[in-house]
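The values are calculated or read from the model by the stated rules, or taken from the named source; none is laboratory data. Predicted model only: the values in this text are computed from it and were never measured. Cβ atoms come from the backbone with ideal geometry, glycine included; neighbour counts cover every protein chain shown. Surface accessibility is based on the protein's heavy atoms, side chains included, excluding ligands, DNA and RNA. Shrake-Rupley method; radii C 1.70, N 1.55, O 1.52, S 1.80 Å.
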Amino acid sequence: MSRRAIGWAAGAAAAVLVAAGAVTYAVADSGSGSGSGDGKAAQKTPTADSADAGFARDMAVHHQQAVEMSYIVRDHTKNEDVRRLAYDIAQTQANQRGMLLGWLDLWGLPKVSADPPMTWMGMGGMVTAKDGSLMPGMATNTQMKKLATLNGKQAEIFYLQLMTNHHKGGIHMAEGCVAKCTVGVEKRLAQGMVDAQQSELQVMAGMLKERGAEPLS
């Protein structure tokens, strides 16, 4: 995989972060408009059981694991392309996670819920947590421990395989927000996540092919 391709994916991720920064300020402004007297800002604040809040909570958890995986592989390989991709993913998703949690603070909503993950997508009864894999695409605790034991090419391949599944699950969730969320800026951020992660999927597919490997079934 060429550095140009990796740079293009990183550029897409950076664009999402720039947009997300504007999103954070926009959400803050919308939540501080009570002085207008029309009550519209208060009416637009999402509820704890809304898709907006559910997406923010669940994606924050989903992102945290991606950050952890990326820092593990960064320390277990000397391959600059993989290290660069992992660093870009870690930085992008750590920043997005902070924004998602920040929105919950702005809305005065809890960061955890008694409802099962994905309930806001109508999948609360369909998603079964297994060995630490709380949502579709998430790695299990066993897989995370295995990644931490690998080095070099083996670590690169397993990371790319795990992150491919992780991105597919994240894209599915972000598409759910695009369809169900009501806060316009959050919907646009979710679409940005879809676009950026789809581009990274293409990069990772090429990296796996270069290493004679395929995605996990």
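If you check Ala155, Ala139 for being part of a loop (DSSP other than H, G, I, E, B) and in contact with a Ser or Thr (Cβ under 7 Å, 6 or more places away or on another chain), only one passes: Ala139. Restricting to region 64-90, give me the number of residues that are more than 17 Å from Ser199 (Cα to Cα), open to solvent by less than 60 Å² (accessible area, probe 1.4 Å) and either under 12 Å from the mean Cα position of the chain (by Cα) or among the basic types (Lys, Arg) (or both). Number satisfying all stated conditions: 2. Condition test on Gln93, is it part of a helix (DSSP H, G or I), without any contact (Cβ under 8 Å) to a residue 60 or more places away in the chain and crowded, with 18+ Cβ neighbours inside 10 Å? The answer is yes for Gln93. Restricting attention to region 102-112 and to residues that are in a helix (DSSP H, G or I) and open to solvent by 40 Å² or more (accessible area, probe 1.4 Å), the residue that is farthest from Val61 (Cα to Cα) turns out to be Leu106. For region 126-143, the count of residues that are over 30 Å from Asp49 (Cβ atoms), out of contact with any Pro (no Cβ under 6 Å at 6 or more places or on another chain) and touching a residue at least 12 places away in the same chain (Cβ under 8 Å) is nonzero.
Of all the residues in region 50-90, those that are outside any loop (DSSP other than H, G, I, E, B) and under 19 Å from Glu156 (Cβ atoms) number 21.
Among the residues of region 176-194, those identified as part of a helix (DSSP H, G or I), open to solvent by 20 Å² or more (accessible area, probe 1.4 Å) and of a type in the set (A, V, I, L, M) are Val178, Ala179, Val185.
Evaluated against (1) touching a Leu at 6+ places or on another chain (Cβ under 6 Å); (2) open to solvent by 60 Å² or more (accessible area, probe 1.4 Å), Lys145 falls short on exactly one condition, (1). Inspection of region 113-130 identifies no residue that is open to solvent by 70 Å² or more (accessible area, probe 1.4 Å), at pLDDT 95 or above and in a helix (DSSP H, G or I). For region 47-56, filtering for residues that are out of contact with any Leu (no Cβ under 7 Å at 6 or more places or on another chain) and open to solvent by 10 Å² or more (accessible area, probe 1.4 Å) leaves 4. Going through (1) under 12 Å from the mean Cα position of the chain (by Cα); (2) under 27 Å from Lys180 (Cβ atoms) one by one, Ala53 falls short only on (1).
Scanning region 151-175 for residues that are closer than 19 Å to Ala53 by Cβ, open to solvent by 10 Å² or more (accessible area, probe 1.4 Å) and touching a helix residue (DSSP H, G or I) at 6+ places or on another chain (Cβ under 8 Å) yields a total of 1.
Within the set of pairs 6+ apart or on separate chains, which have a first residue in region 72-86 that is on the phi < 0 side of the Ramachandran plot, a second that is surrounded by 17 or more Cβ atoms within 10 Å (Cβ to Cβ) and not in a helix (DSSP H, G or I), and C-beta atoms under 8 Å apart? Partner pairs satisfying both residue conditions: His76/Leu150; Asp81/Met1; Arg83/Thr77. So, Leu134, is that one over 12 Å from the mean Cα position of the chain (by Cα) and open to solvent by less than 20 Å² (accessible area, probe 1.4 Å) or not? For Leu134, the condition - over 12 Å from the mean Cα position of the chain (by Cα) and open to solvent by less than 20 Å² (accessible area, probe 1.4 Å) - is not met.
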